[in-house]
């Protein structure tokens, strides 16, 4: 029996308000996908409101509060047992400009971990090559073992377009190859993330070695003009796919979460698909740019023009992932 009814209502109202805010967000965002922590918090608020409703039901007073709680609990019950998305049409533009960047930001910690591991690999690869040039054959793939000076001279003195008539096929090859690498980085999240971290470190190792190789050869403008136009999308796309792999790893490990493995995987399924699909779209663009722009050098295309193009791409991508789909107001989930 509740003795201090006003005190009880005052104490519990903040939880009711939080549940109502989250319900309003879900009702306004039919495609919203919650991470595991948000699902747990929502379920906790629902159970607490249900218990409060049961306690109020023993009293004859406060009928308005009881009706309010009945409606609130009913709405929460409907959200919990609804199969989200089945009753709504898929809107590609809404998914691209709202759901994808929102999902990316929801798992931003996993993304920063992919960046950190890649940079660690870059530092290790670059330092190893700077200290021991003979390590080049170990650190870099065979197609990149050619001397930077020799390659730059060949590229800049080329008379004929070596990609003439095959640009479409070459871009398709690049897209499929990079998507395959991204899927592999994601799938290795099933190894509790160890495989994903290894791939990230290896990619960073190779990238750092390539950068140091060209910088020491004084071919930095060529390097930046070659890598930046397509790399500004290709590298983040692979990192996002790896981000999905780490999210998968987190669900498999559980981190002392009370939910079953099935529930943990179900809670992140939509987010995983969203991250992978977004990464694939980015790789399609990167493959197109690499085939039709990155492979052409001075005097055909000035390096400052290519570098400026890559910088604009990178800035637009950062703004898109960082700000697109942001919501203002109290109804946004924390």
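The values are calculated or read from the model by the stated rules, or taken from the named source; none is laboratory data. Note that this is a predicted model, so its numbers are computed, not measured. Neighbour counts run over all protein chains shown; Cβ positions are idealised from the backbone, glycine included.
Listed conditions (1) assigned to a helix (DSSP H, G or I); (2) under 30 Å from residue 134 (Cβ atoms) are all met by residue 297, apart from (1). Scanning the range 111-128 for any residue that is at pLDDT below 95, within 30 Å of residue 201 (Cβ to Cβ) and assigned by TED's automatic domain parsing to the domain that holds residue 293 turns up nothing.
Selection of the range 173-205 for residues being within 18 Å of residue 290 (Cα to Cα) and surrounded by fewer than 15 Cβ atoms within 10 Å (Cβ to Cβ) yields 173, 176, 177, 180.
Conditions tested, residue by residue: (1) surrounded by fewer than 20 Cβ atoms within 10 Å (Cβ to Cβ); (2) part of a helix (DSSP H, G or I); (3) free of Cβ contacts under 8 Å to residues at least 24 places away in the same chain.
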residue	(1), (2), (3)
250	no, yes, no
256	yes, no, yes
271	no, yes, no
281	yes, yes, no
291	no, yes, no
306	no, yes, no
312	yes, yes, yes
